[in-house]
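Asker: Quick one: this structure, given as structure tokens, is what I'll be asking you about.
The values are calculated or read from the model by the stated rules, or taken from the named source; none is laboratory data. Note that the structure is predicted; figures quoted are calculated from it, not measured. Neighbour counts run over all protein chains shown; Cβ positions are idealised from the backbone, glycine included.
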Amino acid sequence: MTYPPLSKSQSAAPSAQPPLYATPARAWTLLVLLFIAVYFAALFSPALLDDADATHAQAAQHIATSGDWVTMYVNGIRYLEKPPLPYWIVAVDYHVFGYNVFATHLPMALAVLGCAWIAWTWSRRAWGDRAAFYAALAMLTSIGVFLFTRTLIPESLLTFFLLLSLYSFLTGIEDRKPARFYIAYASLAIALLAKGLVAPIFFVAAVVPYLVVTGDWKKWRQFHLFTGLLVFLAIGAPWHILAGLANPGHGNPVGNVPSPGHVHGFFYFYFINEHFLRFLGTRFPHDYNRQPWYVYWLGQLIWLFPWSLFLPIVIRRAWRNRHLFYSDLSYDATNTIQFLDPKLTAYESSALAARLRFRARTSLLLALYAGFILIFFAISTNQEYYTWPLYPAVLMLIAGGLSVIEESQSEGRKGSSGWLTGAHIFFLTAGLVAAALLAWGLWQSRHLPYIADIGTLMAHRGVGGYTLSMSHFFDLTGPSFAALRLPAALAAVAFFLGPLTAWHLRRKGHAFEATASVAFTIAVILIAAHIALVRFQPMLSSKAIAHNINRITAAPADANAQLMLYGDQADGSSILFYTHRPALLVHGATNYFAPDPGTHSEIFGSSLIWGSDYPDAPHIFLSDADLLRMWGTGPRKLLFVPGEFRDHVQKLLGSRLYQIQEVSDKTLYTDRPL
């Protein structure tokens, strides 16, 4: 039986509820407006970014243009690394909205809104209206959620379907509704198609210990395991089978490293290389990093900011009540006196008990789920965004614990007030320091000219070999600040006023308004961050060069011009997307390449290496000798050269190079005058 949210007179912690979230309609009006301001408005700019963003967009573009929904291709080469769901959805978007950045990123943004909705629904049943609002608000204002939906990566889709699966399974047990289990199995299969085997691994790693601890494993007959497995396989298996049949192995490959004409098939590459060997850090090619342990753990606090401010408070209260299994993460009103209250009917008492039980079980399941993901990626290879799926779980726990604390304080009970004050003091201190640094940067750059191409002002420190998504942050320089004056000014004002307002409201006892102020402060800063990202477009995207190529090839004499990229296609992947042209790749399939003897410029490995070894792969991979032989012959050649290879290419081709355009250390050359 499903019990409705308790009314004020029925709740375990009755308190006057602020008008802001007195009704779900009001709350969601505010949340949707916030989503539009932070996420929807950001769907139109900047252009698709080079590397993973435009590479994945090319895979979706091929599906939309070719109608091949089984095997994905990038630049004419099999791209077998990823499950297909995100690319299927984006391909449908392209048919509806055209080939643009809005269509590419829309599914990821809507998945964030979906996660906020599940967080609201789940938290409302477990903790009440205040926690529901906080949980949804946290999903829309956490730094990590925002940062890692700027590119076409599947984490938000994976997280949405994993959350739906976990919630459906839990409520299926609690409400004895078998249909919920089938929703769980179907959602898990869709999550499998979004990200791969990590989806069922994360689900099982959370659910099995939960069933053991609660004793619910004894109800295993209610879970419809056999028919549920059939549902899971009916949704998740067909693509894997078809992809295996369409991409068999060739020749007699030796070991993990493919060679021309000798390559393992899809099943080995996808399941062994991309899952098992990636976890062990022995995947080929080695084009990824593993963060140092202190960076990894500190990063989680940053990605969950500002809500991680309240995490120590919730952990402290959970530890204090660790011996109470059927309790909340606090010492709220769960005692017998509540149930002896003559104002409560039997139904109201049973509803209260049901909520407290669901609250405790929610806390256990979410803690197991988030804890496993943290440990999993702490011992595996990892990127900053790999832990995205745990964000909603931790944010719901924070929202639930914080709401109980605030409601307890509104009743006059003491506890954690000092910790809350400390959190706001930290936020205030950090905000004032950030505002001061931004103000100093604005003052120092007041006489510097605004330069639209910020890439010409950046350093090239190569932190993490640019394989980490935040690597370019470390390339900022003083002169580059001049291009960021508007977002810096907006962020400085937010950092100064927001924490001060939140701290003042907390001191005055306006708990809800204080917490909401923290979130809205970060929302403004996220808007400023997006404006800054748009300023980085010339550096992070090659759309401007692509438009120039389209202009040149629009002339009948150059309609058949050959496009060439020096290095990995990922370095100029947005060019391929915006020109709709294949490109020849010079040293685009090498795992290690030093442009000059004695140098240490390294390409970790092209994402197309594996597919390039299939016998039917087009001959798009060239050497320097091939480039020298082809340059100046046949149709016009258009050569895109990243900055790290420019000196080498100039030495190689010398006076035979004609520069057309340079944008942020990326240069477009041709082999004859225009």
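Asker: Hand me the list of helices (runs of 4 or more DSSP H) wholly inside region 569-674 holding 1 or more residues that are hydrophobic (A, V, I, L, M, F, W, C) and at pLDDT 90 or above.
Answerer: Values: elements: 573-579, 609-612, 624-630, 646-653.
Because the criterion is at least 1 residues that are hydrophobic (A, V, I, L, M, F, W, C) and at pLDDT 90 or above, the helices (runs of 4 or more DSSP H) in region 569-674 that meet it are 573-579, 624-630, 646-653.
Asker: Only one of these is within 29 Å of Trp88 (Cβ to Cβ) and modelled with pLDDT under 95: Ala179, Ala189. Name it.
Answerer: Details: Ala189 fails: modelled with pLDDT under 95.
Ala179 is the lone residue from the list that is within 29 Å of Trp88 (Cβ to Cβ) and modelled with pLDDT under 95.
Asker: Among the listed residues Trp220, Trp239, identify the single one that is assigned by TED's automatic domain parsing to the domain that holds Ala186, among the hydrophobic types (A, V, I, L, M, F, W, C), under 30 Å from Pro178 (Cβ atoms) and free of Cβ contacts under 8 Å to residues at least 24 places away in the same chain. Walk me through it before giving the result.
Answerer: Numbers: Trp239 fails: free of Cβ contacts under 8 Å to residues at least 24 places away in the same chain.
When all the criteria are applied, what remains is Trp220.
Asker: Going by the conditions given, is Phe279 modelled with pLDDT under 85, surrounded by 14 or more Cβ atoms within 10 Å (Cβ to Cβ), in a helix (DSSP H, G or I) and not assigned by TED's automatic domain parsing to the domain that holds Ala430? Steps first, please.
Answerer: Working: modelled with pLDDT under 85: yes; surrounded by 14 or more Cβ atoms within 10 Å (Cβ to Cβ): yes; in a helix (DSSP H, G or I): yes; not assigned by TED's automatic domain parsing to the domain that holds Ala430: yes.
In short, yes.
Asker: Is it the case that Thr104 is free of Cβ contacts under 8 Å to residues at least 60 places away in the same chain and in contact with a helix residue (DSSP H, G or I) (Cβ under 6 Å, 6 or more places away or on another chain)? Can you show your working first?
Answerer: Details: free of Cβ contacts under 8 Å to residues at least 60 places away in the same chain: yes; in contact with a helix residue (DSSP H, G or I) (Cβ under 6 Å, 6 or more places away or on another chain): yes.
So Thr104 fits the description; yes.
Asker: Restricting region 284-317 to residues that are part of a loop (DSSP other than H, G, I, E, B) and modelled with pLDDT of 80 or more, which is farthest from the chain's Cα centre (by Cα)? Write out each step before concluding.
Answerer: Of region 284-317, the ones part of a loop (DSSP other than H, G, I, E, B) are 284-292, 304-306.
Narrowing the set further to residues that are modelled with pLDDT of 80 or more leaves 291-292, 304-306.
Working: Gln291: 17, Pro292: 20, Leu304: 12, Phe305: 15, Pro306: 17 Å.
By that ranking, first place goes to Pro292.
Asker: Residue pairs, Cβ under 6 Å, 6 or more apart or interchain, first in region 516-530 and farther than 27 Å from Leu420 by Cβ, second assigned to a helix (DSSP H, G or I) and β-branched (Val, Ile, Thr). List them.
Answerer: Listed by first residue and then by second, the contacts come to nothing, as the list is empty.
Asker: Here's another thing I want to ask about it. Within region 371-385, identify whether any single residue is of a type in the set (Phe, Trp, Tyr), at pLDDT 95 or above, surrounded by fewer than 19 Cβ atoms within 10 Å (Cβ to Cβ) and assigned to a helix (DSSP H, G or I), and answer yes or no. Spell out the reasoning first.
Answerer: Initial filter on region 371-385 (of a type in the set (Phe, Trp, Tyr)): 372, 376-377, 385.
This time we only want the ones that are at pLDDT 95 or above, so: 372.
The next check asks that each one be surrounded by fewer than 19 Cβ atoms within 10 Å (Cβ to Cβ); those that pass are 372.
Checking which are assigned to a helix (DSSP H, G or I) leaves us with 372.
Checked region 371-385: at least one residue is of a type in the set (Phe, Trp, Tyr), at pLDDT 95 or above, surrounded by fewer than 19 Cβ atoms within 10 Å (Cβ to Cβ) and assigned to a helix (DSSP H, G or I).
Asker: Now, a different point. So, Ile405, is that one in the same structural domain as Trp293 (by TED's automatic domain parsing) and crowded, with 21+ Cβ neighbours inside 10 Å or not?
Answerer: Numbers: in the same structural domain as Trp293 (by TED's automatic domain parsing): yes; crowded, with 21+ Cβ neighbours inside 10 Å: yes.
The answer is yes for Ile405.
Asker: If you don't mind, another one. Restricting to region 645-669, what's the tally of residues that are farther than 21 Å from Leu540 by Cβ and touching a residue at least 60 places away in the same chain (Cβ under 8 Å)?
Answerer: 1
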